[in-house]
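The values are calculated or read from the model by the stated rules, or taken from the named source; none is laboratory data. Everything quoted here is computed from the prediction, not taken from an experiment. Don't worry about glycine lacking a Cβ; one is built from the backbone with ideal geometry, like all the others, and counts go over all protein chains shown. The area values use the complete protein model at the heavy-atom level, side chains included, leaving out ligands, DNA and RNA. Shrake-Rupley method; radii C 1.70, N 1.55, O 1.52, S 1.80 Å.
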Amino acid sequence: MTYKVFLVEDEIVTREGIRDMVDWAAAGYQFVGEAPDGEIALPLIHERRPDTVITDIKMPFMDGLQLCRILRETLPATKIIILSGHDEFRYAQEAIQVGVTEYLLKPIAPQDLLAALRKVARQIDDEQQTSAHLLALEAQMASQRSLLRERCLLDLVSGSGRTVVPHW
């Protein structure tokens, strides 16, 4: 499966470096866009619906944490990888509270970013598998519920006296 990724980074050299250092297709990702800050990124993210957003934490206009808060509300399934040049506990703590998937410190080595992307891809796969299982169980329950109702009605009509009333 190919996952879509969007990059938000205000430093052009860093943004281009990240964009160009990763073989996105080999990593199982499709690079769907980039922006220099959260304010510009937000409408593009809503339009392109990436599975993963990689964002700097400190940017002008709308920083990464503000962007994360909005994405949690509007696109809750989107995975977020925060990039930070700040090794401060306060930023990491706030990122965790917002529901960030990964928190990476700059400068970022390609293998660290790839490891984070693989971890995110596994989480997406696991969530999709869980969702598929839940849908299958719900369908099975719905079909069983219908079968039980039919059986109850048959018992009532035939007068067999062994009516089982389901408890749901």
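In terms of packing, defined here as the mean over residues of other Cβ atoms within 10 angstrom, the peptides 53-65, 111-123, 135-147, 30-42 line up highest first as 53-65, 30-42, 111-123, 135-147. Taking the 0 to 90 degree range and rounding to the nearest ten, how far is the long axis of helix 38-48 tilted relative to the main principal axis of the chain, both from C-alpha atoms? Approximately 40 degrees, to the nearest 10. Multiplying the residue separation of ARG48 and VAL157 by 0.36 nm and removing their Cα-Cα distance gives an extension gain of 33.6 nm. Among LEU67, LEU134, LEU104, the residue with the largest mean-square fluctuation in a Gaussian network model of the chain, with springs joining Cα atoms closer than 10 Å, is LEU134. The residue among THR101, THR55, LEU42 whose Cα reaches farthest toward the positive pole of the charge dipole of segment 41-102, with charges on the beta-carbon of Lys, Arg, Asp and Glu, is LEU42.
Mean separation of Cα pairs under 8 Å and 6 or more residues apart, divided by the residue count, gives the chain a relative contact order of 17 percent.
GNM remark for the chain: springs join alpha carbons under 10 Å apart, and the peak mean-square fluctuation among THR14, THR130, THR101 falls on THR130.
Annotation: amide H-H contacts under 5 Å for GLU34 (H modelled 1.01 Å from N, sequence separation of 5 or more, or interchain): LEU7. For segment 1-82, the relative contact order comes to 34 percent (Cα pairs under 8 Å, sequence separation of at least 6). Relative to the dominant Cα principal axis of the chain, helix 110-158 is inclined by about 10°.
Dipole of the chain computed with +1 at Lys/Arg Cβ and -1 at Asp/Glu Cβ about the Cα centre; of ALA25, ALA136, GLN111, farthest Cα towards the positive end is ALA136.
Rounded to the nearest 20 debye, the dipole size of the chain about its Cα centre is 960 debye, using +1 on the Cβ of Lys and Arg and -1 on the Cβ of Asp and Glu. Hydrodynamic radius of the chain by the Kirkwood approach over all distinct alpha-carbon pairs: 18.4 Å.
When the Gaussian network model of the chain links Cα atoms closer than 10 Å, the mean-square fluctuations of HIS86, HIS46, HIS133 top out at HIS133. Under 12 Å from the Cβ of TYR29, count the other residues' Cβ atoms, weight Lys and Arg +1, Asp and Glu -1, and hand me the total. Computed value for this residue: +2.
Extension gain, ASP87 to LEU147: 0.36 nm times the residue separation minus the Cα-Cα distance gives 15.7 nm. At a probe radius of 1.4 angstrom, the accessible area of segment 1-105 per residue rounds to 48 square angstrom.
Net charge in the neighbourhood of SER143 (other residues with Cβ under 15 Å of its Cβ; Lys, Arg +1, Asp, Glu -1) is +1.
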